[in-house]
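The numbers here are math on the coordinates, done by the rules we state, and not lab data. Because the structure is predicted, anything quoted here is derived from the model rather than measured. Note that each Cβ is placed from the backbone with ideal geometry, even for glycine, and that neighbours are counted across all protein chains shown.
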Amino acid sequence: LGFNRVPQAAAAALQAQGEATQASAAAAAAAATAAAAAGEGAAGADAAGAGAHASAPHAPQGPTFADLLARSLAAVQETRAWFDTAHGYAMVRQSRAPTSLPQVLAINAAVTDPADVAWWADGGEVDATGAERSPRLPWALRVEAVAGSRYEVAAAQGGSAEELAARGNLLEGGPGSGVVRGVYELRALIAHVRDADEADAATATG
């Protein structure tokens, strides 16, 4: 999987656009609440909300792609180590987090057979309730990390960079806090690569 990083200037513009969108949505929600309290347009608001809920895709069960990515980037290892002051062994936890983010995220999703491809592509179909399920692979990712005073990694996924920008920051911390942020868009997907000899061998043994 190849995710290209959105340029910093473009990401900042998307962030500003997202904040403006959030402000507009908050104002609209406040106006709708006031109208509902006055008894005006309550039924229409309920109907619109029900329609939006019915058309929203349902994510597949289990952790999302962004969850798995964040866990991979935030490496935590526990081991026993000797402490001279205590004259004995004790458990030590080592935490690691990225201090910078690359321009391209090249991710190995461990796809080795058609079943793996089908699992990652799960979604886009209608489930038993009639709602559409969203695919496991996202079109856009937002990754944030901090290392030093604390070690944290957070990731979110969405249908576009604009959508992720509208959600705001994932980790607390402004300029100078050590938090690195990046928005990425999916640009390439290689599901399975086999040469002719491997394909013939698989056919013969299959």
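One table, with the values for the structure above:
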item	result
Cβ-based net charge around Arg5, under 11 Å, with every Lys or Arg adding one and every Asp or Glu removing one	+2
Packing-based ranking, highest mean first, of 62-71, 103-112 given that Cβ atoms within 10 Å are counted	62-71, 103-112
3J(HN,Hα) from dihedral phi, region 103-119, Karplus parametrisation 6.51/-1.76/1.60, rounded to Hz, x for glycine, proline	6, 10, 8, 9, 10, 8, 8, 6, 8, 10, 8, x, 5, 5, 4, 5, 5
Estimated FRET transfer efficiency when R0 is 25 angstrom, pair Leu171-Ala75 (beta carbons, to 0.05)	0.90
Sequence-distant residues sharing a close amide H with Val6 (under 5 Å, placed H)	Val183, Tyr184, Glu185
Packing rank of 151-164, 175-188, 81-94, where each peptide gets the mean count of other beta carbons within 10 Å, highest leading	151-164, 175-188, 81-94
